[in-house]
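Colleague: Before we start, here is the structure in question, set down as structure tokens.
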Amino acid sequence: MFRHTQRLQFDAKPEKPDPVLARKLQELVGGAYGEMTVSMQYLFQGWNCRVKGKYKDLIMDIATEEIGHVEMLATMVARLLEGAPNTETTKVAVSDPAVGAVMGGMDPQQAIIAGGAALPSDSNGYPWNGRYAVASGNLLADFYANVAAEAQSRLQAARIYNMTDDPGVKDMLKFNLARDTYHQNLWLAAIEQLREDNLEDVVVPGALTDEEHREHAASLWHLSDGDAAAAGLWASGPTPDGDHEFTVLSDPEPLGEKASPPPPDPKLFATYDGSYGEPKSPALGTEVGLKGKIRGALSPDE
């Protein structure tokens, strides 16, 4: 259950309308790293969390906070659009204020579709996409993604902060920047907590390390013209998981055979000269049940 209070987490009061800035702020609303993304990302991480107690409670706390950030930004966007497109700037552009505002950089969808308000979209009007949200069920993988999301979010907020002189907008962005700072530190601390609680380590997932080709698990393949990569911490010494020693392959050789596609099915009409031989007959997969029995009967040698 969620409850809503009419008070914003922080004030969203611009000094004056600015439809162009309103469009820029849409990136913080519905962009790939906007508040809609992190709110839905954290909500699904919390709903899907299989660990009772502090981890689930933490995720849900931050997820619910991010819903408030969406509302805060949406309110700021609507207030920046107040009176738009009938502004002095657009009046000078052309005699038709609506056309002038669009030409001046306003998002026409904010006027045409939202009636002078925020949209669930980015600064180019591209609708928010649920594929932006990461919720894998593995807390370590998700917390890594959360650190990256908060870093990108703070980076974009910082860039927009330097694109405006409006004291009200800058004041709100100062709050956003501070919360992004905290959230980056929070998820980094949560990663350390996972390790302290022996739930996860460094590499995601921690399983199958004995199954992988371990001789390839710690080497930098030098495959570009640049020569400086070997000077980094990733080139020598122990790996962060403590299970390997970093090395550099200065002249790596390919380990596989020459790449070649199989002969194409003639019914697909791919251009083919016969150089890869004749195509195989259709192969049955790994069906189970009745289909599997049929497959076994047709392919007894498998």
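Colleague: Within region 154-192, which residues are farther than 20 Å from residue 15 by Cβ, open to solvent by less than 10 Å² (accessible area, probe 1.4 Å) and not charged (D, E, K, R)?
Modeller: Selection gives 183, 187, 190, 191.
Colleague: Quick one: residue 137 ticks every box in (1) on the phi > 0 side of the Ramachandran plot; (2) open to solvent by less than 50 Å² (accessible area, probe 1.4 Å) bar one, so which box is it?
Modeller: (2)
Colleague: Regarding region 56-63, can at least one residue be identified that is acidic (Asp, Glu), in contact (Cβ under 8 Å) with a residue 60 or more places away in the chain and at negative phi?
Modeller: Checked against the condition, which is being acidic (Asp, Glu), in contact (Cβ under 8 Å) with a residue 60 or more places away in the chain and at negative phi, region 56-63 yields no hits at all.
Colleague: Only one of (1) open to solvent by 30 Å² or more (accessible area, probe 1.4 Å); (2) within 21 Å of residue 171 (Cα to Cα) fails for residue 12. Which number is that?
Modeller: Going through the list (1) open to solvent by 30 Å² or more (accessible area, probe 1.4 Å); (2) within 21 Å of residue 171 (Cα to Cα), residue 12 breaks only (1).
Colleague: So which residues in region 186-198 are free of Cβ contacts under 8 Å to residues at least 40 places away in the same chain and either under 18 Å from residue 69 (Cα atoms) or outside any helix (DSSP H, G or I) (or both)?
Modeller: 197, 198 - these are the residues of region 186-198 that are free of Cβ contacts under 8 Å to residues at least 40 places away in the same chain and either under 18 Å from residue 69 (Cα atoms) or outside any helix (DSSP H, G or I) (or both).
Colleague: Taking the stated definitions as given, is residue 113 modelled with pLDDT under 90, surrounded by fewer than 20 Cβ atoms within 10 Å (Cβ to Cβ) and more than 20 Å from residue 162 (Cα to Cα)?
Modeller: yes
Yes/no per residue for (1) open to solvent by less than 100 Å² (accessible area, probe 1.4 Å); (2) closer than 30 Å to residue 148 by Cα; (3) in a loop (DSSP other than H, G, I, E, B); (4) without any contact (Cβ under 8 Å) to a residue 60 or more places away in the chain:
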| position | (1), (2), (3), (4) |
| --- | --- |
| 200 | yes, yes, yes, no |
| 251 | no, no, yes, yes |
| 257 | no, no, yes, yes |
| 264 | yes, no, yes, yes |
| 279 | yes, no, yes, yes |
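Colleague: Hey, does region 8-23 have a residue that's part of a loop (DSSP other than H, G, I, E, B) and without any contact (Cβ under 8 Å) to a residue 40 or more places away in the chain? Break it down stepwise before answering.
Modeller: To start, the set of residues in region 8-23 that are part of a loop (DSSP other than H, G, I, E, B) comprises 8-18.
From what is left, the residues that are without any contact (Cβ under 8 Å) to a residue 40 or more places away in the chain are none.
No.
Colleague: What do you reckon, is residue 195 open to solvent by 40 Å² or more (accessible area, probe 1.4 Å) and under 21 Å from residue 32 (Cβ atoms)?
Modeller: Considered against the rule, which asks whether it is open to solvent by 40 Å² or more (accessible area, probe 1.4 Å) and under 21 Å from residue 32 (Cβ atoms), residue 195 comes out as no.
Colleague: Going through region 24-61 one residue at a time, which ones are out of contact with any Ser or Thr (no Cβ under 9 Å at 6 or more places or on another chain), of a type in the set (Val, Ile, Thr) and assigned to a helix (DSSP H, G or I)?
Modeller: Passing the criteria: only 59.
Colleague: Okay, next question. Which ones in region 63-83 are closer than 14 Å to residue 30 by Cβ and either under 20 Å from the mean Cα position of the chain (by Cα) or modelled with pLDDT under 95 (or both)?
Modeller: 66, 67, 69, 70, 73, listed by residue number.
Colleague: A further question follows. Kindly indicate whether residue 86 is more than 30 Å from residue 197 (Cα to Cα) and at pLDDT below 95.
Modeller: For residue 86, the condition - more than 30 Å from residue 197 (Cα to Cα) and at pLDDT below 95 - is met.
Colleague: Pairs please, first residue from region 139-159 and in contact (Cβ under 8 Å) with a residue 24 or more places away in the chain, second anywhere and open to solvent by 40 Å² or more (accessible area, probe 1.4 Å) and among the aromatic types (Phe, Trp, Tyr), Cβ atoms under 8 Å, 6+ apart in sequence or on different chains.
Modeller: From region 139-159, the pairs are 149/33; 152/33; 153/33; 156/33.
Colleague: Please count how many residues of region 43-66 are among the polar types (S, T, N, Q) and closer than 20 Å to residue 197 by Cα. Give the steps one after another, and end with the answer.
Modeller: Taking region 43-66 and keeping what is among the polar types (S, T, N, Q), we get 45, 48, 64.
If we keep only those that are closer than 20 Å to residue 197 by Cα as well, we get 45, 48.
Within region 43-66, residues that are among the polar types (S, T, N, Q) and closer than 20 Å to residue 197 by Cα number 2.
The values are calculated or read from the model by the stated rules, or taken from the named source; none is laboratory data. From a predicted model like this one, the values you see are computed outputs, not experimental measurements. Every residue, glycine among them, receives a Cβ derived from its backbone with ideal geometry; neighbour counts consider all protein chains shown. Heads up: the accessible areas ignore ligands, DNA and RNA and are worked out on the full protein's heavy atoms, side chains in. Shrake-Rupley method; radii C 1.70, N 1.55, O 1.52, S 1.80 Å.
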